[in-house]
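Enquirer: Structure in structure tokens, see below.
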Amino acid sequence: MRAARLIYTPAMDLTFPATGPERPFCGFSVAGVSIAAYCASRLREEGFETVLNPGEDVPEGIGEVVEVSMHHFSPQAAAWLAACGAGEAWSGEGRLLARKGQGSGLKRVFTRQEAPVERLVYPWDLLAWQERVMEGMEGGSFSAQDGIHVTGALRVGKGTVVMPGVVVEGAVWVGDGCRIGPNCHLRGCVSIGNGCVAGQGVELKNCIIGDNTFIPHLSYAGDSIIGADVNFGAGTVCSNFRHDGRKHRMMAGGRLEDTGRDKLGAVIGDHVRLGANTVVLPGRVVPPGTWTMPGEVFAGGMNQD
């Protein structure tokens, strides 16, 4: 029997405040799929019959288990190791992908062509991961008679109301008990949690939004991760583009890191209150519990040029 156990390494997790005590890394989800569930599904596609969560005890009778990193995730490398004796699989960048058994054993370094690696280390990695999760998503039935225009896919949960004037361009997943619209524009990949509002004149592009977050009127957020219990005052903007055309940098793990992204908005923690007409500059991290005054420009307290 092929069995695997997912490895979570806190020192390698620099996704805060996208993740945290209320939304731990393994349980962080988009479109109703957690990181742990996604990794388990991908491993089963590679022939693993049993996949254990981090720290889970190995049941009797399973035998040797391949331990697979969730931060530099490669189901193909794990499958190779499952067919071998004790050993380790590493990426060409020197990142541990999987290990099996005790002692030195075999060691293989994979190129990206041999074994693609999905990185889940930084907050902006979660935006790229969302695209993989939602790729090929099918939507529900929304017709032009409803005043809703869908180019792509729109899926909504129980009790969610989609009002006239909503335009969807891409893949959009909305949880239970939400209100979307009227006159709301959702494009790219957008995942909205339970109990949320995206209201009049709101535009969201490539965003991940936690539960019970309210973006009720005349706001924009692009390429952003927005936590739970967040409120946008009217006219709030999360900008995602640099006028000088340079790649974005963002604070992660106490360091200013190059993201490699042309467009990147904000990472906003839980319980944030953004006053009316707040502007959050691109690539900023808004700590949990932050409040801004109306008209404030949130620059993150430091130069991120």
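Enquirer: So, by mean Cβ neighbours within 10 angstrom, what's the order for 280-289, 132-141, 8-17 with the highest one leading?
Expert: Sorting 280-289, 132-141, 8-17 by mean packing, highest first, produces 280-289, 8-17, 132-141.
Enquirer: For the chain, with the dipole built from +1 on Lys and Arg beta-carbon atoms and -1 on Asp and Glu ones, taken about the Cα centre, which of W129, P24, Y8 lies farthest toward the positive end?
Expert: W129
Enquirer: Per residue, how many Å² of accessible area does segment 134-208 show with a 1.4 Å probe?
Expert: In whole numbers, segment 134-208 has 43 Å² accessible per residue.
Enquirer: I would also like to ask the following. Taking all protein chains in place and a 1.4 Å probe, what share, in percent, of the accessible surface of the chain do carbon and sulfur account for?
Expert: 51 percent
Enquirer: When a/c is below 1.5 the answer is rounded, else prolate if a/b is larger than b/c, else oblate, so apply that to segment 168-305 with a ≥ b ≥ c taken from the square roots of the Cα gyration tensor eigenvalues.
Expert: Taking the square roots of the gyration eigenvalues as a ≥ b ≥ c, segment 168-305 is prolate.
Enquirer: Would you work out if segment 168-216 is rounded, prolate or oblate? Take a ≥ b ≥ c from the square roots of the eigenvalues of the alpha-carbon gyration tensor; rounded if a/c is under 1.5, else prolate when a/b is larger than b/c, oblate otherwise.
Expert: Since a/c reaches 1.5 but b/c is at least a/b, the shape of segment 168-216 is classed as oblate.
Enquirer: Quick check: net charge around R179, other residues with Cβ under 15 Å of its Cβ, Lys/Arg +1 and Asp/Glu -1?
Expert: Combined, the nearby Lys, Arg, Asp and Glu give -2.
Enquirer: Counting helices only, and only those DSSP H runs with n ≥ 4, report the 222 nm mean residue ellipticity of the chain as the sum of -39,500 (n - 2.57) divided by its residues, in deg cm²/dmol to the nearest 500.
Expert: Helix contribution divided over all residues of the chain: -3000 deg cm²/dmol.
Enquirer: Right, something else. Once the whole set of protein chains is in place, how much accessible area is left on D176, using a 1.4 Å probe, in Å² to the nearest 10?
Expert: 70 Å²
Enquirer: Right, another one. Dipole of segment 168-305, Cα-centred, from +1 at each Lys and Arg C-beta and -1 at each Asp and Glu C-beta, to the nearest 20 debye?
Expert: 240 debye
Enquirer: For segment 57-144, what is the Kirkwood hydrodynamic radius in Å, using each pair of distinct C-alpha atoms?
Expert: 14.9 Å
Enquirer: Next up: Read phi for every residue in segment 255-264 and hand back ³J(HN,Hα) as whole Hz from Karplus 6.51 cos²θ - 1.76 cosθ + 1.60, θ = phi - 60°, with x for Gly and Pro.
Expert: 10, 8, 10, 6, 9, x, 9, 6, 10, 7
Enquirer: Mean separation of Cα pairs under 8 Å and 6+ residues apart, divided by the residue count of segment 75-143: what relative contact order is that in percent?
Expert: Rounded, it is 24 percent for segment 75-143.
Enquirer: Long-range amide H contacts for M251: which residues qualify at under 5 Å (H placed 1.01 Å from N, peptide plane, sequence gap of 5 or more or a different chain)?
Expert: Answer set, sorted by chain and number: E257, V285.
Enquirer: Could you sort F214, F48 by accessible area so the largest value comes first, with the probe set to 1.4 Å?
Expert: F214, F48
Enquirer: Follow-up. Any idea what angle helix 35-45 forms with the longest principal axis of the chain, computed on alpha-carbon atoms, 0 to 90 degrees, nearest 10?
Expert: Between the helix axis and the principal axis of the chain, the angle is about 50 degrees.
Enquirer: Using only the Cα atoms of segment 245-303, build the gyration tensor, take square roots of its eigenvalues as a ≥ b ≥ c, and label the shape rounded, prolate or oblate: rounded if a/c is under 1.5, else prolate if a/b is larger than b/c, else oblate.
Expert: Here segment 245-303 falls in the prolate category.
Enquirer: Additional query: Please list, in chain and number order, the residues 5+ apart from V30 or on another chain whose amide H is under 5 Å from its amide H, with Hs placed from the backbone.
Expert: none
Enquirer: Turning to a different aspect of this structure: Among [x] 23.4; [y] 21.3; [z] 20.4, find the value of Kirkwood radius over Cα pairs in Å that was calculated from the structure presented, and write down its label.
Expert: [z]
Enquirer: May I pose another question? Counting only residues 5 or more places away or on other chains, whose amide H sits under 5 Å from the amide H of G199 once H atoms are built in the peptide plane?
Expert: Amide H neighbours of G199, under 5 Å, 5+ apart: G181, I215, H217.
Enquirer: List the pair-distance distribution P(r) of segment 189-229, using every Cα-Cα distance, as the percent of pairs falling in each 5 Å bin from 0 up to the bin containing the longest distance, rounded to whole percents.
Expert: Distribution as computed: 8, 26, 35, 29, 2 percent.
Enquirer: Show me 226-238, 245-257 ranked by packing, highest mean number of other Cβ atoms within 10 Å first.
Expert: 226-238, 245-257
Enquirer: Here's another thing I want to ask about it. Tabulate in residue order the Karplus-calculated ³J(HN,Hα) for segment 11-25, using 6.51 cos²θ - 1.76 cosθ + 1.60 with θ = phi - 60°, rounded to whole Hz; enter x for Gly and Pro.
Expert: Working through the residues one at a time gives 5, 9, 8, 10, 7, 4, x, 4, 10, x, x, 7, 9, x, 3 Hz.
Enquirer: What number comes out for the charge environment of A79, summing +1 per Lys or Arg and -1 per Asp or Glu over other residues with Cβ under 9 Å away?
Expert: 0
Enquirer: Another one. Can you give the angle from 0 to 90° between the axis of helix 123-134 and the longest principal axis of the chain, with both taken from C-alpha atoms, to the nearest 10?
Expert: Its long axis makes an angle of about 90 degrees.
Enquirer: Taking the Cβ of A228 as the center, what net charge do the other residues with Cβ under 12 Å away carry, scoring Lys and Arg +1 and Asp and Glu -1?
Expert: Net charge around A228: -3.
The values are calculated or read from the model by the stated rules, or taken from the named source; none is laboratory data. Source: prediction; values computed, not measured. All Cβ positions, glycine included, derive from the backbone under ideal geometry; neighbour counts span all protein chains shown. Quick note on the areas: whole protein, heavy atoms, side chains included, nothing else; ligands and nucleic acids left out. Shrake-Rupley method; radii C 1.70, N 1.55, O 1.52, S 1.80 Å.
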